[in-house]
1. Is it fair to say Asp106 is among the acidic types (Asp, Glu) and in a helix (DSSP H, G or I)?
2. Would a scan of the range 179-187 turn up a residue that is more than 19 Å from Leu116 (Cβ to Cβ), among the acidic types (Asp, Glu), in contact with a strand residue (DSSP E or B) (Cβ under 8 Å, 6 or more places away or on another chain) and exposed (fewer than 14 other Cβ atoms within 10 Å of the Cβ)?
3. Taking Ala170, is it crowded, with 22+ Cβ neighbours inside 10 Å, modelled with pLDDT of 95 or more and in a helix (DSSP H, G or I)?
4. Could you tell me which of the residues Val192, Val210 is farther than 19 Å from Val76 by Cβ, surrounded by 17 or more Cβ atoms within 10 Å (Cβ to Cβ) and out of contact with any Lys or Arg (no Cβ under 9 Å at 6 or more places or on another chain)?
5. Would you check which residues across the range 195-207 are in a loop (DSSP other than H, G, I, E, B) and buried (at least 16 other Cβ atoms within 10 Å of the Cβ) and list them?
6. Select from the range 120-142 the residues that are at pLDDT below 90 and of a type in the set (A, V, I, L, M) and write down the one among them that is farthest from the chain's Cα centre (by Cα).
7. Just one of Val10, Val54 is in contact (Cβ under 8 Å) with a residue 24 or more places away in the chain, outside any helix (DSSP H, G or I), among the β-branched types (Val, Ile, Thr) and under 22 Å from Pro82 (Cβ atoms); which is it?
8. Kindly list the number of the only condition in (1) in a helix (DSSP H, G or I); (2) closer than 27 Å to Arg99 by Cα that fails for Glu40.
Amino acid sequence: MVVFGATGNVGYGAATAFLEAGAKVLAPTRGEDGAGRLREAFAERDLSPVVGDVSDPDGAVSLRDALVAHGPIDHVFASLGPWWQGGFLAGQPPQAWQRVRSMMLDGHVHAASTLLPLLAQRPASTYTIVTGMGAHHTVPDTSLLFVACGAVLSLGKWMRQECAEGPVRANELLIGCRIEKEPRPGVVPSAVMGRAAVALVESDTRGKVVHYDGPDAFALPG
């Protein structure tokens, strides 16, 4: 089981829940700092950090090879990209768009194009692309995030179409609520959200956009 973004709120919840379900989790991270945080957070659990960067094609290929060294891959849970709220589109420096695009859109594109062929070799494999409300609501000052997230929605749609038949079941998990690692009023704890990720992967759902607006509102398509 490959879980991208395990140092973040959504990925952390998914990794926790998959571990509780008995999966061996491989957690890609950009550098050794992230690997250290993962080892500390998941000490004595069956989670292996794998250093690699999917924001460029060569990095994605290197990461793929490092993942395969751990054994066959059956499932990918792709929670990629940071929050960005840096102001109006007009006047943004080129490096701002390059950063948002590389961490959000490019990461998703290279991860999917590199790992889907591996999944196609495994029966009953899944690829779950995680999205949020960044492309659905025009939150002030999120111009670049909105554009990148919109492209990620298009990628998810295309993936679902390409995987309409065959061994890989591709779905989108659309997060519509605030997820944080520690419980507090107004948020859903990461581990609670993670149970929905496990339920989706273990189901026979294919080619769907599955909404997660909290545990009481979550239901898989019939």
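The values are calculated or read from the model by the stated rules, or taken from the named source; none is laboratory data. None of these values were measured; they are calculated from a predicted model. Cβ: placed from backbone, ideal geometry, glycine included. Neighbour counts: every protein chain shown.
1. Values: among the acidic types (Asp, Glu): yes; in a helix (DSSP H, G or I): yes.
Yes.
2. Quick first cut of the range 179-187, residues more than 19 Å from Leu116 (Cβ to Cβ) only: 179-187.
When the remaining residues are screened for being among the acidic types (Asp, Glu), the result is 180, 182.
Then drop every residue that is not in contact with a strand residue (DSSP E or B) (Cβ under 8 Å, 6 or more places away or on another chain), which leaves 180, 182.
So of that shortlist, the ones also exposed (fewer than 14 other Cβ atoms within 10 Å of the Cβ) come out as 182.
Yes: one or more hits.
3. Numbers: crowded, with 22+ Cβ neighbours inside 10 Å: yes; modelled with pLDDT of 95 or more: yes; in a helix (DSSP H, G or I): no.
Answer is no for this residue.
4. Values: Val210 fails: farther than 19 Å from Val76 by Cβ.
Going through Val192, Val210 in turn, the sole match is Val192.
5. Taking the range 195-207 and keeping what is in a loop (DSSP other than H, G, I, E, B), we get 203-207.
Of everything in the range 195-207, those that are in a loop (DSSP other than H, G, I, E, B) and buried (at least 16 other Cβ atoms within 10 Å of the Cβ) turn out to be Thr205, Arg206, Gly207.
6. Checking each candidate, the answer is Val139.
7. Numbers: Val10 fails: outside any helix (DSSP H, G or I).
Only one candidate passes the filter, namely Val54.
8. (2)
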